[in-house]
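Heads up: the structure comes next, in structure tokens.
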């Protein structure tokens, strides 16, 4: 007999997502060193690649989604990936405005918001 893990309550799960997101944001801020200019075109290209990979993995499932569901998933994933990657590129501007402290606060807050956003889609 296998044991099933108890899922945390809704409020606890959201808190966990927010804390993990903020922690990742803190990491991305603390260790950020601007070595190049921001490149939003690269962020869009990587978002397309990531959305394509997630969509293709969805096709490999036994219960394949319908074509409209697959299209909606692809577009939604692209928007999420593009937004997150564009915001990561925005670290350069935060750094220019206020240095390491502002970029750390910027990425920590955005990481927490991203965690909250992901928790909403996981409900």
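FYI, it's all coordinate maths here, none of it is from the lab. Small disclaimer: the values here were computed from a predicted structure and weren't measured.
Summary table below
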read-out	value
For the chain, built as a Gaussian network whose Cα springs stay under 10 Å, the top-fluctuating residue of 56, 79, 18	56
Of 100, 80, 11, the one that fluctuates the most in a GNM where the chain has Cα springs shorter than 10 Å	11
Degrees between helix 91-122 axis and first principal axis of the chain (Cα, 0 to 90, nearest 10)	10
Nearest 10 degrees, 0 to 90: helix 40-59 Cα axis against the chain principal axis	10
Gain in span if fully extended, residue 72 to residue 49, counting 0.36 nm per residue against the direct Cα distance	6.7 nm
Most mobile listed residue (113, 60, 19) in the chain, GNM with C-alpha springs under 10 Å	60
Helix 10-30 axis, angle to the chain major axis (alpha carbon atoms, nearest 10°)	40
Area projected by the alpha carbon convex hull of region 39-82, averaged over all directions, nm²	2.7
Kirkwood Rh, Cα atoms: Rg over Rh of the chain	1.06
Helix-only [θ]222 nm of the chain, DSSP H runs n ≥ 4, -39500 (n - 2.57) each, per residue, nearest 500	-27500 deg cm²/dmol
